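Peer 1: Mind looking over this structure? Questions follow.
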Amino acid sequence: QLENANKEIVNLKEELSFIQNYIAMEKERVGKRCLIEYNFEDKKTEAINYQIAPLVLITLVENAFKHSLTTEREWFVKILVHLGNGVLSMSVHNSMPDQSLKMSSTGIGLLNIRKRLELLYSGHYMLDIIEEGEEYHTNLVLSLKHYNHE
């Protein structure tokens, strides 16, 4: 993955495989303490046919695990990825951390992802981040056909 980080663009299937491996590692790390769900819908097996800027998606996944720790209620991270007609949708839902367990965050990860998306997919993406009650929702919709590589 370090080699892919230096590339301008990578195969979507490889990027999603990296995310799946990262989630498997987190499952080992947090064990039964956290409910982890990951679902990738690609009914036409299109992922192999598309390219994406590296490390765009993993930032959202890492943030979900980093900022979801709770002992006062159910700890969860749920990730749904859907690919259809060149449009990638990624929905990440996670528990909000207990006040006593909150890690200080600079927000630099989300700021950087917004800048990268604007630079690389300007006008062809939507990123919504919603804090609702004790849950955090991040939704990304990305048109993979409109990658601005210059």
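The values are calculated or read from the model by the stated rules, or taken from the named source; none is laboratory data. Everything numeric in this text was worked out from a predicted model, so none of it was measured. Note that each Cβ is placed from the backbone with ideal geometry, even for glycine, and that neighbours are counted across all protein chains shown. For the accessible areas, the whole protein counts, side chains as well, though only heavy atoms, and no ligand, DNA or RNA atoms are used. Shrake-Rupley method; radii C 1.70, N 1.55, O 1.52, S 1.80 Å.
Peer 1: For segment 1-28, how many residues are at pLDDT 90 or above and under 30 Å from residue 95 (Cα atoms)?
Peer 2: Final tally of qualifying residues: 17.
Peer 1: Further question: Going through segment 19-41 one residue at a time, which ones are within 13 Å of residue 78 (Cβ to Cβ) and among the polar types (S, T, N, Q)?
Peer 2: 39
Yes or no, residue by residue, for (1) more than 23 Å from residue 122 (Cβ to Cβ); (2) in contact with a helix residue (DSSP H, G or I) (Cβ under 6 Å, 6 or more places away or on another chain); (3) outside any helix (DSSP H, G or I); (4) at pLDDT 80 or above:
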{"site": "38", "(1), (2), (3), (4)": "yes, yes, yes, yes"}
{"site": "44", "(1), (2), (3), (4)": "yes, no, yes, no"}
{"site": "59", "(1), (2), (3), (4)": "no, yes, no, yes"}
{"site": "62", "(1), (2), (3), (4)": "yes, no, no, yes"}
{"site": "65", "(1), (2), (3), (4)": "yes, yes, no, yes"}
{"site": "69", "(1), (2), (3), (4)": "yes, yes, yes, no"}
{"site": "77", "(1), (2), (3), (4)": "yes, yes, yes, yes"}
{"site": "91", "(1), (2), (3), (4)": "no, no, yes, yes"}
{"site": "104", "(1), (2), (3), (4)": "yes, no, yes, no"}
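Peer 1: How many residues does segment 23-33 hold that are surrounded by 16 or more Cβ atoms within 10 Å (Cβ to Cβ), out of contact with any strand residue (DSSP E or B) (no Cβ under 6 Å at 6 or more places or on another chain) and of a type outside the set (D, E, K, R)?
Peer 2: Looking only at that region, the number is 1.
Peer 1: Give the residues of segment 114-140 that are among the hydrophobic types (A, V, I, L, M, F, W, C), open to solvent by 60 Å² or more (accessible area, probe 1.4 Å) and either over 15 Å from the mean Cα position of the chain (by Cα) or farther than 20 Å from residue 65 by Cβ (or both), sorted by residue number.
Peer 2: Result: 119, 126.
Peer 1: Which pairs have Cβ atoms under 7 Å, sit 6 or more apart or on different chains, and link a residue in segment 40-69 that is closer than 17 Å to residue 110 by Cβ to one that is in a helix (DSSP H, G or I) and of a type in the set (Phe, Trp, Tyr)?
Peer 2: 58/18; 58/22; 61/22
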